[in-house]
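S.K.: One structure follows; several queries about it will come next.
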Amino acid sequence: MSIDLEFLKSFQKESMSLVQELMKILESCETSFRYVKKLADYGQKVDRIMGGAKTLGLMTDEPEHILNKIGDYTALCKMLSYRAAEIEEDEKLYFLCVAVLLDATEALEQMFKLILVKPAVDFKQIVPQTLMERVKWIAAQIGQLGERNTKNKLGKMNQSEIDELVKKLGM
């Protein structure tokens with residue numbers, strides 16, 4: 001099955017707008033620990049991108065299609081942002097999370113620049129292995145937060161689920 005070019009263009013345009021909003025959230029978050037809860041806003045916005053990518057990804061038969069990669073990648077960003085929004089005392093970890101999310105969001109922006117010209121993509125050419133290693137490390141560091149805080153199930157993803165997403169991304 002083929003994806004309608006107009007759907008893809010519309011998704012790209014809306015997503016690029018959301019990526020700019022994500023960057024603004026992160027830029028404010030990097031100024032002070034008091035903005036820790038804003039990371040949940042990031043999670044909500046990246047979830048919109050994830051939903052669109054996963055829905056459109058169903059219209060393709062190519063597992064390596066960039067839409068499928070974006071869907072999995074944004075799931076990691078969503079999980080990380082929700083978990084980081086629960087940090088209560090560890091400012092250093094918070095700022096590490098924000099830095100990783102900034103890098104991750106810049107990589108996401110690159111994906112959207114390629115979405116119309118290169119539907120099948122080698123994910124490693126867009127997202128450096130070191131960034132994925134940092135995402136996994138950060139997720140492990142704050143992994144206990146999701147388990148201790150039963151109020152927020154949105155960012156709760158166990159390490160094996162994180163590893164599976166990273167594997168699907170070819171990392």
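Please treat every number below as a calculation from the coordinates, not as lab data. Just so you know, these numbers come straight off a predicted model, no measurement behind them. Glycine gets a Cβ as well: all are built from the backbone with ideal geometry, and neighbour counts include every protein chain shown.
S.K.: If you take the charge dipole of region 1-63 about its Cα centre, with +1 on Lys and Arg Cβ and -1 on Asp and Glu Cβ, which of S17, P63, A40 is farthest toward its positive end?
M.R.: A40
S.K.: In region 1-72, which trypsin sites (Lys or Arg not before Pro) are in a loop and have at most 12 other Cβ atoms within 10 Å, using DSSP for the loop call?
M.R.: Sites meeting the loop and neighbour criteria: K37.
S.K.: Continuing with the same structure: Test of understanding: extend the Cα→C-beta vector of E62 to 7 Å, then name every residue of region 82-126 with backbone N under 17 Å from that spot.
M.R.: 111-126
S.K.: Calculated FRET efficiency, T31 and L114, Cβ-Cβ r, R0 35 Å, to nearest 0.05?
M.R.: Details: r = 31 Å, r/R0 = 0.88.
So the FRET efficiency works out to roughly 0.70.
S.K.: Sticking with this one: Among the listed pairs K37/K92; K69/K92; K45/K92, which have their C-alpha atoms separated by more than 20 angstrom in this model?
M.R.: Flagged as over cut-off: K69/K92; K45/K92.
S.K.: Mind checking region 65-146 for GluC sites (Glu not before Pro) that DSSP puts in a loop (not H, G, I, E or B) and that have at most 12 other Cβ atoms within 10 Å?
M.R.: Of the GluC sites (Glu not before Pro), the ones in loops of region 65-146 whose Cβ has at most 12 other Cβ atoms within 10 Å are E88, E89.
S.K.: Related question: Tabulate in residue order the Karplus-calculated ³J(HN,Hα) for region 53-60, using 6.51 cos²θ - 1.76 cosθ + 1.60 with θ = phi - 60°, rounded to whole Hz; enter x for Gly and Pro.
M.R.: Per-residue couplings from phi come out as 5, 5, 5, 5, x, 5, 7, 10 Hz.
S.K.: Taking 1 over the mean of 1/r across every pair of different Cα atoms in region 60-147, what Kirkwood radius in Å do you get?
M.R.: 13.8 Å
S.K.: Then there is this: What full-extension length gain, to one decimal in nm, is calculated for F7 and Q125 as 0.36 nm per residue of separation minus the Cα-Cα distance?
M.R.: This chain segment gains 40.0 nm when fully extended.
S.K.: Using the 2.2 N^0.38 Å rule of thumb for compact globular proteins, work out how region 1-42 stacks up: its C-alpha Rg over that value, please.
M.R.: In units of the 2.2 N^0.38 Å rule of thumb, it is 1.63.
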